[in-house]
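Q: Let me give you the structure first, and then I'll get to my questions.
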Amino acid sequence: MGPLLLLLFSCWTLVGAQIPLFKLRSVTLTIEPATDLLRDANATLWCRAGVSSSGTLTHVPVYTFYKDFTKVFTKKSASSELAYPLLHVRYSNTGKYKCRVEIDGQGETSDASKLTVTGVSVPLLQLSRSSLSEGEELTASCSAPDETGVFFFYFYVDGREMQDQQARSNRADAQLRFKGGGVRQVHCDYTVMLPPRSTKSNKSNTVTVSVRELSFRPVLEIRPVAEVFEGDQLSVSCRQEGNSNIPGGLFLVLTHGTQLLGSGVDHVNSSITAKESGEIECSFEVGNVPKKATKNISVTELFSVPRLSVSLAEVFEGDRMVLTCSSAVLVARRLSSEDISYALDSKGPPTTTLGAGRFSVRAPPYHLNYTCTATARGITKHSLALPVRPKVSVVRPSISVVGRVILGRPFQIRCHSEWGSLPINYTLFRKYEPLNVTTVSTPHQEALFTATIQESDDIKLYMCEAANKPNNEGELSPRLNASVIVPLSNATLTALPAPWDVSEGNELILICGVTGTPPVTFKWYRKDGDARLLFAGTANERSMAHRIHAVSRDHSGSYYCEAVNHARNPVCSQTVLIDVTEDRTSSSMWSVRPATAASDEDASVGSREPDVEYTEVVHPQPTDPTKVVLKKGTDTVYTELQNAPPSVVADAAAAAAADHEYGSLQYADLKNTHPLLGPDEDYLHGLPVPVD
């Protein structure tokens, strides 16, 4: 059985027992006649309860009214509604209202209704007295009749606010003091705070106050009264006039701006030197009332504030510079140029006076501020500070190359001065002729030039200059000294013994030689349809040998070599056809070179075994240097060195290895393809990098 059925069952049981049943259905709050009212209107808040009952209620409902969550009124009433009257509403009645009804443990609260009251009461001003002497005080009271809240009261004299007071009651007092004689008009108003709102009242009634002026006053006199120039002597007097009847007299104070000229009882005299325009004041105070007399003096300038200038547009450390201190304006009828003197203020190097405000000084190796002073007729004026920031002259620059220098190709030259203020102009020279100029303006910028040489010795023709002074020669570097790489050319392959006279079991020496700058990487190939790499190595010489021990008929074929250096332009030799025949040692006698007579080129082979030597007679033929050898390009005749002395054999072998101008070779087109490899393969593919 659910709760609702239990409740109905209980209710029927109670009915049978003659106990009335009820249900508090709703509670509502209404504001009559409206929710927006003017001040002093009457309002009624009605709280109504909706109750369902089986008979007469045995419990009396309790009604409670709330304003902004604060309980303001509570009452029991057997009626189904209850009125809460608000008579002569005020701004403080503005707020949100609710009501709550409770009957025998059941309770409901209404929704909130907002009441807004517009307007506050006019403030009332009262003064303790309406007539007094200047310097005396009166009490002013300002009130906000029938208002509640937090207040800020404001008091005005002749329309100008004089004081403000905060108060939690609807009244505030202020002490007012008046300066000078005459009639004053006093009024007040207020602001009442009802967080988060506030409203300001209208102005109060105005009260008239009569103020009697004191019968004495200060008198100020200044002589001369005519035009005043800087340096003139002024006579100033300050005194009081009238009957003060103050015991001990009046204490007078004489001032010029912030400068105190003098003070004394009843009178003060002072003599001053006119320096600047401004107001001179003579004053005294009675009670809290100050009395003063003022006069403004206008002082004509004898000479203007000096200006300090330097003779150089750019100052470098150690430069002799002239500093000039001068005043642009001089009053000729009162001051001549001889009447004014100038001095230089500096903590730097010693200065030499050149006259007429000119000073000679050598620029220090640090930053310094210079000032100067001009003095005439007891008047001293200081110039603004002149900052001198000396620059650093460049030192002799260094000259070097970036990367490697390859004959016939562009390369970069770097010029750099280790010390010197930016910007620095760098000029590249060749045989003392300027080629190009670049300016370095930032610390990380480099002066780089591009050059090309066709002869190795031309590298020494370059120099550079660094300059950072205007209209002045700079510092010249040494001549450029760098290694020049000559690209390889004239690659030749020499076979020992003769290509057609190689017998089985003998050794075959293939000597590859080039013209150019070592180190050189050499590679030997055998061409049997496709080129096959036999050996590769790097040498610090222009030639290198590859030795094949105990050749057989299988070694017959076409051989060539390839070479590359740091110029990265590989070159290929002519193709040499090797024909290995049967051993003919029984029918021929060959001279054997002793090991002690081996040449430098043979040493790279790595073997000390005796070799057969040949001499080579070359008959050059015209060739095309862009084509590879398609057939033998020279007629070479080999002569056996039979029974020759060992020295002769050694000399012949050395000549064959070192002399690479065997004849012109025809080369294939080397623009984009390797002469003996496929058209899509790079020149340098598989070549070791030359080492230094």
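The values are calculated or read from the model by the stated rules, or taken from the named source; none is laboratory data. Predicted model, so just to flag it, every value in this text is computed and none were measured. Counting neighbours? That spans all protein chains shown, and the Cβs are built from the backbone with ideal geometry, glycine included. SASA here: full protein model, heavy atoms, side chains in, ligands and nucleic acids out. Shrake-Rupley method; radii C 1.70, N 1.55, O 1.52, S 1.80 Å.
Q: Which residues, counting only those in segment 305-329, are more than 35 Å from the chain's Cα centre (by Cα), surrounded by fewer than 14 Cβ atoms within 10 Å (Cβ to Cβ) and small (G, A, S)?
A: Listed by number, the list holds a single entry, A328.
Q: Kindly indicate the residue of segment 469-491 that is assigned to a strand (DSSP E or B) and open to solvent by 40 Å² or more (accessible area, probe 1.4 Å) and also nearest to Y432 (Cα to Cα) among those meeting that condition.
A: That would be L476.
Q: Take the residues of segment 279-298 that are open to solvent by less than 70 Å² (accessible area, probe 1.4 Å) and at pLDDT below 90: which is nearest to K179 (Cα to Cα)?
A: Within segment 279-298, the match that is nearest to K179 (Cα to Cα) is V289.
Q: Separate question: Tell me the strands (runs of 3 or more DSSP E) entirely within segment 205-265 that contain at least 3 residues that are in contact (Cβ under 8 Å) with a residue 60 or more places away in the chain and among the β-branched types (V, I, T).
A: Per the criteria, 207-212.
Q: Just give me the residues in segment 180-202 being outside any strand (DSSP E or B), surrounded by fewer than 16 Cβ atoms within 10 Å (Cβ to Cβ) and in contact with a strand residue (DSSP E or B) (Cβ under 6 Å, 6 or more places away or on another chain), in sequence order.
A: Matches in segment 180-202: G181 only.
Q: Scan segment 151-171 and give yes if some residue there is open to solvent by less than 20 Å² (accessible area, probe 1.4 Å), among the aromatic types (F, W, Y) and assigned to a loop (DSSP other than H, G, I, E, B), otherwise no.
A: no
Q: Something else about it: Name the residues in segment 403-431 that are open to solvent by 60 Å² or more (accessible area, probe 1.4 Å), outside any strand (DSSP E or B) and of a type outside the set (D, E), would you?
A: G403, R404, R409, P410, W419, L422, P423, K431 - these are the residues of segment 403-431 that are open to solvent by 60 Å² or more (accessible area, probe 1.4 Å), outside any strand (DSSP E or B) and of a type outside the set (D, E).
Q: A follow-up question, please. State yes or no: is G107 surrounded by fewer than 18 Cβ atoms within 10 Å (Cβ to Cβ) and either at pLDDT 95 or above or in a loop (DSSP other than H, G, I, E, B) (or both)?
A: Taking the combined requirement at face value, the residue does not satisfy it.
Q: Examine segment 448-468 for a residue that is more than 44 Å from the chain's Cα centre (by Cα) and crowded, with 20+ Cβ neighbours inside 10 Å, and state whether such a residue exists.
A: Checked against the condition, which is being more than 44 Å from the chain's Cα centre (by Cα) and crowded, with 20+ Cβ neighbours inside 10 Å, segment 448-468 yields at least one hit.
Q: Also, quick follow-up: Where the second residue is open to solvent by 70 Å² or more (accessible area, probe 1.4 Å) and not polar (S, T, N, Q) and the first is touching a residue at least 12 places away in the same chain (Cβ under 8 Å) and lies in segment 465-476, which pairs have Cβ atoms under 6 Å and are six or more apart or on separate chains?
A: Close Cβ pairs satisfying both conditions: A466/E475; E475/R396.
Q: Report, by residue number, each residue of segment 69-98 that is under 60 Å from the mean Cα position of the chain (by Cα), at pLDDT 90 or above and of a type outside the set (S, T, N, Q).
A: Passing the criteria: Y91, G95, K96.
Q: Another one. For the structure I just gave you, tell me whether A332 is open to solvent by 60 Å² or more (accessible area, probe 1.4 Å), over 28 Å from V268 (Cβ atoms) and either in a loop (DSSP other than H, G, I, E, B) or touching a Cys at 6+ places or on another chain (Cβ under 8 Å) (or both).
A: Judged against the criteria, A332 is a match.
Q: Moving on to the next point. Does V395 count as within 30 Å of P478 (Cβ to Cβ), assigned to a loop (DSSP other than H, G, I, E, B) and β-branched (V, I, T)?
A: Yes.
Q: Please find, within segment 357-371, the residue that is surrounded by the fewest Cβ atoms within 10 Å (Cβ to Cβ) out of those that are under 36 Å from the mean Cα position of the chain (by Cα) and farther than 12 Å from G318 by Cα.
A: Going through the qualifying residues, I end up with H367.
Q: Look through I578, I548 and report the one residue that is in contact with a Gly (Cβ under 7 Å, 6 or more places away or on another chain), surrounded by 15 or more Cβ atoms within 10 Å (Cβ to Cβ), of a type in the set (V, I, T) and at pLDDT 90 or above.
A: I578
Q: Now, a different point. Condition first: in contact with a Leu (Cβ under 8 Å, 6 or more places away or on another chain), among the aliphatic types (A, V, I, L, M) and part of a loop (DSSP other than H, G, I, E, B). Now tell me which residues in segment 335-362 satisfy that.
A: Listed by number, the residues that qualify are L335, I340.
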